[in-house]
Every structure is written in C-alpha cells, then in structure tokens.
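Only one structure is covered here, and it is reproduced in the block below.
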Amino acid sequence: MTSRLDPQPLEWLDRSETLSFEFEGKAFTGFAGDSISSALLASGQTLLGRSFKYHRPRGVVTLANHDVNALFQSSEEPNIRGDITPLTAGMSLTACNVNGSLEKDRDQIIGTLSRFLPVGFYYKTFHNPKKLFPMWERVIREKAGLGTIDTRWSVRRQAKTYGFCDLLVIGAGASGMQAALSAAEQGLDVVLVDENPQIGGSLDYQLVNEANAAPIRERLKAAVQNHANIRVLPAHLACGWYTDHYVPLLGPNGIIKMRARAVISATGVMEQPAVFRNNDLPGVMMASAAQRLIVRYAVKPGQRGVVLTANSEGYRAALDMVKAGVDVAAVIDMGSANSRGVWADEIRQQGIRVLEQHAVYEAKGKKRLTQIVAAPFDGHTCEPSKAFEIDADLLLMSVGWAPAAQLLYQAGGRLAYDSTLEQLLPQELPEGIFACGRLNGAFTLEQRLADGERAGAEAAVFLKDEALPAELAACRDREAHSHPWPIVDHPGGKNFIDFDEDLQLKDLVNAAKEGFDNIELMKRFSTVGMGPSQGKHANMNGIRVLAAVTGRSIDQTGSTTARPMFHPVPVQALAGRRFRPERLTAMHQWHLDNGARMMEAGAWLRPEYYLPTSETGVSDAAGAGNLSIREQAILREVQAVRTGLGLIDVSTLGKIEVMGPDAGKLLDGSYTMRMSNIKQDMTRYALMVDESGVIVDDGIAARVAEDRFYVSATTSHADATFRTLSRHIVEWGLDVRLVNRTGSLAAMNLAGPHARKLLAPLTDIDLSEENFPYLGFKEGNLCDVPVRLIRVGFVGELGYEIHLPVASAQRVWNTLMEQGAEYGIRPFGVEAQRVLRLEKGHIIVGQDTDGLTNPFEANMPWAVPLKSKPWFTGKPSLALLKARCQRTLRGFMLPKGYSGELPKECHLLIDSGDIAGRITSIAYSPSLGRYIGLAMVDQPLADSDRLYQVRVDSGALIPLEPCATPFYDAEGKRQTVDLTEVA
Amino acid sequence: MKVFDCPVIGPRPISEFDYGGEVRRPPMEADAPSWAAYVFNRQGAPGLLREWWYHRPTGRWYVMERDTLKDEVVRFIDLEEVRYDIPA
Amino acid sequence: MIAFQFYGLQLNEVERACYLLTGPESRDALTHADLPVPEQLLTAEEGSGALVARTGRDEYMAMLKAGASAPQSEWCFRRYDSLFELKGEGWIELMAHLCQYDFRQLKPGDWLMTSVAGVSCWLYHEIESGSLLIGADPGYRHYLIETFSAVPGDLSATRNPTGGAS
C-alpha cells in the first residue's frame, strides 16, 4: 500500500521521473527528488535500520540529518544517510549493522542481554578471565562496526576553490533570507548558503498551510535569487567556522573555502526527542520530520496519529496531519493548552481530543508503533496508575528545540540558558559574528523576519565601521517552545536519550552516580553525543539529566566543545586538488633522455644516478661483489670522476648576490668565519650556525668586487638562508642589497683529472694555477656564455663549478658532454656525489649533522674563530661549547672483502651495553675497495682507540675500524694534478 | 585560516608567511647562565608579543605585535624600532 | 605558444626580457633607458612596450620586449622568469581554484605578488588587453602549465560551456 500523497504545493519531487532501486533485496521505486528514506516510506517500508548496540528496529526520527537510524550500504559506499541522500536510479542498498537481514537481524538477541551491557560495560566486563579477552575483543570489534569499506576503491578528488564575500549568511530560512536582503540593500556582497537542495527551511515545511506565510515566502525567495548582491548556494554545507571567518562550504562539486568579513548564523534549531520507554520505535518521530515528509516528499507519515507536544508548533503539526489525511486521535499536551495560541484553538474547534498535563509513558509495538500509553504528568514524573492506551501507528514529538549553535561556539560565542524560553540562547558573540531567527529565540514569523532584518543591518553597520551597539534580545519570544524536562522514567528502561549510541536514561544517571558527574567526563564515559550525529538530538537532554542529578543549573553544567565538521565531510572533498610544486632544472629533459633516475630534493627533482638503456654488463668495480644494477651505475659514475671526467647538475644550490657598503659586515655577522677579508677572486667555506651554535647551513662565499659577494647555500636550506640574511639586514640596520639568483642561474660541476684540459679551449679565462688557484673564483666566458667559475673540492678531484644563466645552460652542458667524450666523460648524480665526498670525509649538513650538532662535534674547530672575530651569530654559545664536546664525527672502515650483514645509516653504536653513537653515512668506496663511513661517536669512546661495535638489523654487533679522514687523497694532491698541460 | 591585514600588501592569508619567532635582542655581554637563558628560554605567559613574519611572495619582513591570548594582531611595528647594532 | 585552450579561456606562454635592478642607481638606469619608474611600492607602470614594477625601497623589476637591451646599472640582473598570459572569460573563476586572492579586486593596471598553486608569483592585470600576466621562477614552468591545465576540467562541472561564470 502506498503512502504517497497527491502532489503537494512545495514538494521537491519531479514526478515525471520514476527511479527504480533495490533495498534489502526487494525492488522499490521512487521519484527524482526523493531521498532514499522518503522513497522507502512512500512504499510502506517503515523499518529502516537496526540500532548500534541492541539492534532494535529503527525508522525515521528527525529526517534532518540529526540522527543515523537510516544508515545504508551500497557496493561503492558505506554509511549512506538515507534521510538526506537523494535517490538515484539503480541504487542497490542494504542496512548497515545487521547480522543476516534487516527484518530478521540475528543480533537482536543482544537487546535481551542488555542488562549485561550497562553503560561503560567495555571497561568492566569481558576481561575476566583474562585469556578469553582476545576472543571477546574480536567479537566486540565485529559487532561494533557500521558500514563495510571496499578496499579496491579508486581515487576520486573533488575540486576546491576559494570564495570571497563581505557577508556570509548561513541558513536560507525566513530570518536568513531577510538578513541577506537587508545587508544586500546596504550594498554588501552577500553569500546565502543552505545545506538543503532547496531554500526556504521551516518557512516551507512548518508554515505551508499558513495562508499569510505564502506571499512572504514567495517574495523572499524571489528577492534573494534576483538580487544583484546576493549569491545563493543551496546544497552547500557550512562545515565549520575557522579563524577570521574562514568557512568551508561543502557542495556537490567540492569545497568552496569562503572567506567572509562577517558571518550571520541563521541556522535555526534542532528538534529534540521526548524520552519515554520505546521512544525509538519506527512510527515515533519528530513533528518536524512528519512535516518534512508531507511537504517535501508527499509522504503520509502514518494512518492514525497522536501528537505529544509542549509548544504551539505541535498543534500546527497536528493540523498538518489532519490536512494530509491522518486520523489524529489525540494531542497530548505536557502542560496547559491555554497558552498555545490559535493553532490549539483550531484543534479544539475540530473536536480533536486534547489531554493537558499528560505525557507519553510508554510506546508499544514490535517492529512498528501500534499503541501508546499516556498518563498524567506533573512536569517531572508520570502517574502510571492512571495510565491508559491509545491505538496509533504514528506519534509526533514536539517537545522542544536545541539551538544549532555549533558554528557560534567554534567562533568563540557564548550561550546562556534562558528560562522563559527554556532554551540556550546566544549571549556574547565575537566581533563580526551575528545570530538571528529561532537560533536567537525569535519564533513567530514576524519575530523571525524582524530579527533577520536587525542582524542584516547590524552586519552592515559593522562592516562599514560605524558604531552601533548590538541588541541581542530585541526580537525574542516570551513563550517557551521547549519543555524543561521532557523525560519520563520507567522501571523497564529503554527510554532513549541518544539513538545513535543506544543510551537510556538510566545509563546517564548511573554514569553520574559512578562519579562521572562533569559534562566532559559524562560524555566520554557514557558516549552520549559521540555517535555520528555528535549529540544533535541528544546533548540537550543529557545536560538536563546531569543538571538534575547533580543539583546544578543548566549554565553551571555547561556543554561539551562543538568542533568542525558540523556534518561528516568525505575525505575526498577535503583532499581535493593539492598543490605539490615541482621544480625542475634547465637540464631536466636531458637527464630523462639519458636514463636518469630522478629523486626528490625538496620541491626539486635531481638525478639520483644514470642508467642509459644501451648499457649492459658488469661494473669493473668487481671487488664489491654482488651488486644491484643501481649500485653498479653509481660505482661507474664514481670511477669516471676519479679517473676521467664527470659532470653533475648542481643547479639546485642556493645562489645569493650580496651587494653594498655593508656586505662584508652582513656576512661576518651571519657566518662563523670572517668573510669581509676574502681576497678578490677567492672563495671561503661559509658555515652558518644558529644562536645556540647548531649548524644550519653551509656553502661557499666568493668575493666578486669590493662591495659585492656571491654566496651559495645548500639546496634544502637556500630559501631559509636568504630569509635569514634579509632579516639580519633589517635587524642590524645594514646598507646591503640581496638578490636571490637560485632560479635564474644554473650550475654544473665538472670534476676529474682532465677538467682543466677540457675547459681551457672553451673559455677565455686563464686556467693556470697561478691565475686560478684552488678555491679561486673567476668571471669570464665559456662557449660564449658569461659564466662564473669556482674551483671547488667537494668531490675531491680537480673540479670547476660553472654558474651560468639558465637560458644557456643546456647548450653549455651539451658542449661539455660532446667535447668531454674523448676523456670518458659521464654525467653523475646525487648518489655518486655522496660517495665521492664521503671518500674525502666531507660532511653533508642534515646527513652527518642533526638538529643539535655544533661545529666542534663535526670536526670543524677551524671554522670557529673565537679569538680573531669579535662577534657572529652563535659565537657566545660556541665559546661555551668548545670545552664540552660530548661527541664527535669519526671515520670508520669495514674490512676489505666484507660480505656480512651491512650496517646502515642510523644504526646505533653500542659500548658496554649502552648507546654510544650512530652511523651517519656509509657507502662502498671503489677508490679504497672497501666500505667506509662516518659516525657520530660519544665520548669517551670517540677519543679512545677501541673498535666500534654497531648493531645491525638482525641485532648482531659488527665491529667497525675507526680511522682518520679523509679516506682518499689525504694531502689534497688531486687538486693540483695535471698542472703542466695548461700554458 | 588567519588573515594578516598588512601595510603595503593588504590583507593576506597566513599561508603566505613564514614565522620568524619572537623579536629579541641578544645581550652582547652576558655571563654563561644569562646567555643560556636567552638562547633557550622564552616568556610563555599570554600577553603582547612582538613577532617576525616574512611574506614569501614579496620578500618583505613585518614585525607584528600580537595579543597571544586573543590571537589578534594589535599593531605593526616600525622596523626601525627593532634595530640593534653589532660590533664591526 | 598556447599552453591550453578551453572554450574562451586561454593560457599562453609569452616572452619578455626580465631584469631586476637594485641599489641607488636603479632609478637613473630606468630613466636613461626611457622606462617608466613607478613611485609607489608594489605598483607597476606600462610604458615604451615595457612593464616596470617597484618591488623594494630601490628595487625594480623590468619586463622588456624580447631582445631589448638591458638597462645600464652595475646591480642589474637578468631573470628568466616563466611568463604566462591568461585571458578569456572565466579567468577569475579559474584563478579561484589556484589562488587565495579575490581577483574581482584586481583592476587593470594593478600589480600583485602572491602564491599561486603554492608557488610565489607576480601578477599584472594588463590595461589594454585585460589579460592577466603571470611570472614565476623558471623551475616551475612545467608544474604551472600542468596545474593550470588541470583546472578547466573542473570548471565544466560547475558551469555551462558558453561561459558566463559569475
């Protein structure tokens, strides 16, 4: 039998489009515009789910996304909220959280065991005997889940955009629309947002049958949609409030990160349940849920209904039921019907039975409501001796409201309990935050419109920087719309406070009695408000119960912190398009074309090693034994540099031009060594420490002219070094200019005994030893390109670092590779460079140093001129640290031909059972034919001549032989090799 | 996401900035305990804090005086005010 | 050359000779080269086929026609910025996907330095053509083209193909 009504004036349905779908293996149909739940109800399916703990039968209760009774599973997605998810054709759904079928859920037996599952049972039961707990844990975990995830999901990212407006109005009901209009009329750029697919809110579903509301509704909707200053965004959820009015709006196509200059919250109120035995039966629902069913979806909520109310809007709902053809058997008023206004008068005029000072004591039925038990109610308890039954399959609850104030709380607003309205109301709102409508205690249509107008005007005045005191209480109602205690105790229990978590009244009472009598403790021990609805239908009653048990006021009891997101937001929307910048050098394509395996160095991509596809065969560094292809490639590159020529792209290095009268002073203060006395055309190692003496960066400083230096920095620290230098200029009041040339200059290092031979014919710079010594700096032309050459020793061979404009870099690279072929030139990558510098014992900042390493520990006392330099950043710390060096970098070797388990970086040194250091770098050295490395070794082990013991992956201790560094070419002779070849 | 309404560049989101820490002046002559206190200790009580903020896209430094309790920028400090001299 | 085209929206790569001038001689160097010298900090002026922005106390960026000769100053540095021109209806909507700046506020003749898709960029709203000129470090050229090209696919989900983004 269908419960579908004739077309309703404001329905959301498109009856021209019928959609077929499956639920629990049965075929159903609905219309476009239906939600899944409304389509099911229209076909008479009132059983929609099973409750979390006790597997009790559940149906529609709020239909506002304030509960999760209707939670479904499809093949693609878990936990689909049936009440608000639009029906689409071909959906195939089952209920979550059932064992077998929804109808015959085998786990309903748990309900009968409920006395063994009191509040907090998982802290108390199932752990004795201890050895059974693993089994119970498995059982509980299985029972406690909701939907199932398909682990073969495919990545879907949604777009994210930024949005901007003067005023964001959240909620397009009567007061929200009015507020938006008032503000727009003042010239503000307004965005009006509503989580529902259509605007109107309760102005539609609650007042559809009010004749005087219709022209107001039409005028407001037309006005907001046509106003040039208003952008209307239906189907967008305001997820949360973030600093400076940053509100993410989740829409069907992704998130809009809206930045407003002020926010009006017109989010309304959330209907609260009455608490009585079996108040969770399908057929028992909020009055506003029944109204939504009729108005939006043309679904008749039941045949014979009773309305339980404590306000005037309950009578309005009763009249709406009558109009929809429901036989209204009675209106049960928890108070007196005298103050309920014209709607109550009309109900009485229609001859409908009204029971004052009564409440519902119990609801009866198996999988659906069949009967209610009413009894006299004195405001706190029922008199069961005078109870009587009324047959009904529908019970509407209209006993009160809680403000949807989550975003107000997040913004730092404070609410206070108003005993006239029996509702929490905004009391103090931060700058730029405004509230209006029922959220602010304005309940009649006139009050809501007036309150919206006030809020819009106040926002306009605020944004235009005029002063006007806010008058929050202006349009508030004087009549209570909530009952202060809509709770009826029952010896049989099953009177639910939180439907998500299956929490009964006695659970909260017992929690308080066990000592969890603070709202935060109560929440966590009982789990009230911790389910998917996050307390939207439960927290208010929870607070009322706790206040009553502890004898405190509502304000004294307080409430728990409301956090984003207001409704759950799928991770695919939060992930969105992400910005992961990738920075490439001028030779990037050449690297790819020549077999480079790239690696990430911050945002940069660098060649790790090269493996041209034409190459096969075994490396001649056969002494290393069985090696992977990668390792062989790296060894080949190392050998090329040592015996012939290698070329590496070092464009990622930081490059900073420092100019001005105080250039030397800036560098002197920022680096440990004195820079101001570098001679023209020479360079010096530039070590930077922070105020605590810890190494933060290193590089080379070259003197270009009397008032000009060229400074390099490591790839990863380049931006930070530039930033530090620019700050020192401000702090020390120096006359210096900086230019960050990292991106506009490329750099390559040509290293190997034949370097001078290759370069000499290509450049106009005199490469002789007297003119261009080791650590020298020259400007000139190479291949007709203006370049800077620096003789560097990082890899331990005769080498020239070539700095040149990016636009010419590829051409020069190509020429060097071509002309260098006769010398056996190979490109080499980051890994080969690491081996080469390790053979020289050169440190890499961040590899051999960590967040605490000072220059003394790194074996660089020569870089710390404590006597000859009056001041530099970190000097006082270094002066103190010199005498208390507690660990040092030491070189070590493994025996030639070692074939055991290999130690790795960060493996620990063990001395007498204690940690005594760690390996910082280790690699196979083809030049020495054995494994070498650096380790940070604690004193006194570092100064002793004992062997080091390192613990490897298997737990075994491997001995390491300490040795001096450099491992290779200790006298630095390789820098002056090949002198005679150049005139 | 916080917005800083800065001189010259106008209101910008915090994501465009690098934080530079508290404005401080190192004592040029200090005994070991005083120097260690300067290096490692900070005043954590809520109040007005002067901070360095670097705007990355323009490379400009700003010094802001921020109320750390309310997380509000009270004013922008003239860079002249945070200068100190270092020995040559 | 065209980096992408989507209905009326187009991203072109453009060529300019970019220079950074710094120091007390910068103003004179610009004047001698017949180039405009903007007075206010972080503003730009067009003149003689060039665009000059003031980016510091005595620091300027000059974007000259490709092939033009450098301004004469000791502290004048050639930059090789990646340059793009974004034009066509819907460019504001596209930028809203990549940049936390309200581009409705960027009037023709305005200069802006901000973060676009996570990369520091300078932007200029050309007066005559109304296009948006975007400059960035050359290392990000490939990344920016890819990122800009990925956005129009998302635009089509939210608007009709004949344009008219608001």
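The values are calculated or read from the model by the stated rules, or taken from the named source; none is laboratory data. From a predicted model like this one, the values you see are computed outputs, not experimental measurements. Ideal geometry is used to build each Cβ from the backbone, glycine not excepted, and the neighbour counts take in all protein chains shown. Ligands, DNA and RNA are stripped out before the accessible areas are found, and what is left, the full protein with its side chains, is counted by its heavy atoms. Shrake-Rupley method; radii C 1.70, N 1.55, O 1.52, S 1.80 Å.
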- Subset of segment C:100-111 (residues that are open to solvent by 10 Å² or more (accessible area, probe 1.4 Å) and within 11 Å of chain A (Cβ to nearest Cβ)): C:Gln100, C:Tyr101, C:Asp102, C:Arg104, C:Gln105
- helices (runs of 4 or more DSSP H) (entirely within segment A:483-586) containing at least 2 residues that are open to solvent by less than 10 Å² (accessible area, probe 1.4 Å) and either on the phi > 0 side of the Ramachandran plot or among the aliphatic types (A, V, I, L, M) (or both): A:505-513, A:539-550
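Here is a yes/no grid of residues against (1) in the same structural domain as A:Leu63 (by TED's automatic domain parsing); (2) closer than 20 Å to A:Thr29 by Cβ; (3) open to solvent by less than 30 Å² (accessible area, probe 1.4 Å):
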{"site": "A:Glu77", "(1), (2), (3)": "yes, no, no"}
{"site": "A:Leu87", "(1), (2), (3)": "yes, yes, yes"}
{"site": "A:Met91", "(1), (2), (3)": "yes, yes, no"}
{"site": "A:Val98", "(1), (2), (3)": "yes, no, no"}
{"site": "A:Leu102", "(1), (2), (3)": "yes, yes, yes"}
- Task: Could you tell me whether segment A:957-975 includes any residue that is closer than 30 Å to B:Trp35 by Cα and of a type in the set (Ser, Thr, Tyr)?
- Result: no
- Task: Enumerate the pairs (first residue in segment C:87-105 and among the aromatic types (Phe, Trp, Tyr); second residue anywhere and surrounded by fewer than 19 Cβ atoms within 10 Å (Cβ to Cβ)) with beta-carbon separation below 7 Å, excluding pairs fewer than 6 apart on the same chain, so at least 6 apart or on different chains.
- Result: C:Phe103/C:Ile92
- Message: Take the residues in segment A:427-436 that are out of contact with any Phe, Trp or Tyr (no Cβ under 9 Å at 6 or more places or on another chain) and in contact (Cβ under 8 Å) with a residue 24 or more places away in the chain; name whichever of them is most open to solvent (accessible area, probe 1.4 Å).
- Response: A:Gln427
- Message: With the structure loaded, tell me whether C:Thr114 is of a type in the set (Val, Ile, Thr) and within 11 Å of another protein chain (Cβ to nearest Cβ) or whether it fails that test.
- Response: yes
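Here is a yes/no grid of residues against (1) closer than 30 Å to A:Pro491 by Cβ; (2) open to solvent by 40 Å² or more (accessible area, probe 1.4 Å); (3) not hydrophobic (A, V, I, L, M, F, W, C):
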site	(1), (2), (3)
A:Val326	no, no, no
A:Met334	yes, no, no
A:Gly341	no, no, yes
A:Asp345	no, yes, yes
A:Glu356	yes, yes, yes
A:Gln371	yes, yes, yes
A:Ile390	yes, no, no
- Tell me which residues, restricted to segment C:82-99, are outside any loop (DSSP other than H, G, I, E, B) and open to solvent by 20 Å² or more (accessible area, probe 1.4 Å). C:Glu85, C:Lys87, C:Trp91, C:Ile92, C:Glu93
- Item | Residue check for B:Val82: within 23 Å of C:Glu59 (Cα to Cα), more than 14 Å from chain C (Cβ to nearest Cβ) and either at pLDDT below 95 or surrounded by 13 or more Cβ atoms within 10 Å (Cβ to Cβ) (or both) | yes
- Message: Any residue that is of a type in the set (Lys, Arg), more than 14 Å from chain C (Cβ to nearest Cβ), more than 27 Å from C:Tyr140 (Cβ to Cβ) and open to solvent by 30 Å² or more (accessible area, probe 1.4 Å) - is there at least one of those in segment A:744-757?
- Response: yes
- Query: Pick from A:Ile729, A:Ile695: which is within 12 Å of chain C (Cβ to nearest Cβ) and either surrounded by 23 or more Cβ atoms within 10 Å (Cβ to Cβ) or touching a Leu at 6+ places or on another chain (Cβ under 7 Å) (or both)?
  - Reply: A:Ile729
- A:Thr715: touching a strand residue (DSSP E or B) at 6+ places or on another chain (Cβ under 6 Å), open to solvent by 10 Å² or more (accessible area, probe 1.4 Å) and part of a loop (DSSP other than H, G, I, E, B), yes or no? yes
- Among what's in segment C:72-81 and is more than 18 Å from C:Trp122 (Cβ to Cβ) and touching a strand residue (DSSP E or B) at 6+ places or on another chain (Cβ under 9 Å), pick the residue that is most open to solvent (accessible area, probe 1.4 Å). C:Glu74
- Item | Number of the exception - A:Tyr898 against (1) modelled with pLDDT under 95; (2) touching an Asp or Glu at 6+ places or on another chain (Cβ under 8 Å) | (2)
- Task: State yes or no: is A:Asp662 touching a residue at least 60 places away in the same chain (Cβ under 8 Å), within 34 Å of the chain's Cα centre (by Cα), open to solvent by 20 Å² or more (accessible area, probe 1.4 Å) and within 14 Å of chain C (Cβ to nearest Cβ)?
- Result: no
- Item | So A:Val739, is it free of Cβ contacts under 8 Å to residues at least 40 places away in the same chain and within 14 Å of chain C (Cβ to nearest Cβ) | no
- Message: Suppose we keep only residues that are farther than 14 Å from C:Leu51 by Cα and open to solvent by less than 10 Å² (accessible area, probe 1.4 Å) within segment C:117-129. Which one would you say is farthest from the other protein chains (Cβ to nearest Cβ)?
- Response: C:Cys121
- Task: Within segment A:144-190, work out how many residues are in contact with a Ser or Thr (Cβ under 6 Å, 6 or more places away or on another chain) and either open to solvent by 20 Å² or more (accessible area, probe 1.4 Å) or hydrophobic (A, V, I, L, M, F, W, C) (or both).
- Result: 1
- Among the residues of segment B:21-47, which ones are under 21 Å from B:Val74 (Cα atoms) and open to solvent by less than 20 Å² (accessible area, probe 1.4 Å)? B:Gly21
- Message: Whether any residue in segment A:27-36 is without any contact (Cβ under 8 Å) to a residue 12 or more places away in the chain and part of a strand (DSSP E or B) is what I want to check.
- Response: yes
- Taking the residues in segment B:5-20 that are surrounded by 15 or more Cβ atoms within 10 Å (Cβ to Cβ) and hydrophobic (A, V, I, L, M, F, W, C) as candidates, determine which candidate is nearest to the other protein chains (Cβ to nearest Cβ). B:Ile9
- Task: Give me a count of the residues in segment A:215-254 that are within 14 Å of chain B (Cβ to nearest Cβ), open to solvent by 50 Å² or more (accessible area, probe 1.4 Å) and assigned to a strand (DSSP E or B).
- Result: 1
- Item | Residue within segment C:7-14 that is touching a strand residue (DSSP E or B) at 6+ places or on another chain (Cβ under 9 Å), closer than 19 Å to C:Ser120 by Cβ, loosely packed, with under 15 Cβ neighbours inside 10 Å and in contact (Cβ under 8 Å) with a residue 24 or more places away in the chain present | yes
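Conditions (1) within 24 Å of A:Leu909 (Cα to Cα); (2) over 41 Å from the mean Cα position of the chain (by Cα); (3) open to solvent by 20 Å² or more (accessible area, probe 1.4 Å), marked per residue:
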{"site": "A:Arg837", "(1), (2), (3)": "yes, no, no"}
{"site": "A:Gly851", "(1), (2), (3)": "yes, no, yes"}
{"site": "A:Pro855", "(1), (2), (3)": "yes, no, no"}
{"site": "A:Pro865", "(1), (2), (3)": "no, yes, yes"}
{"site": "A:Arg887", "(1), (2), (3)": "yes, no, yes"}
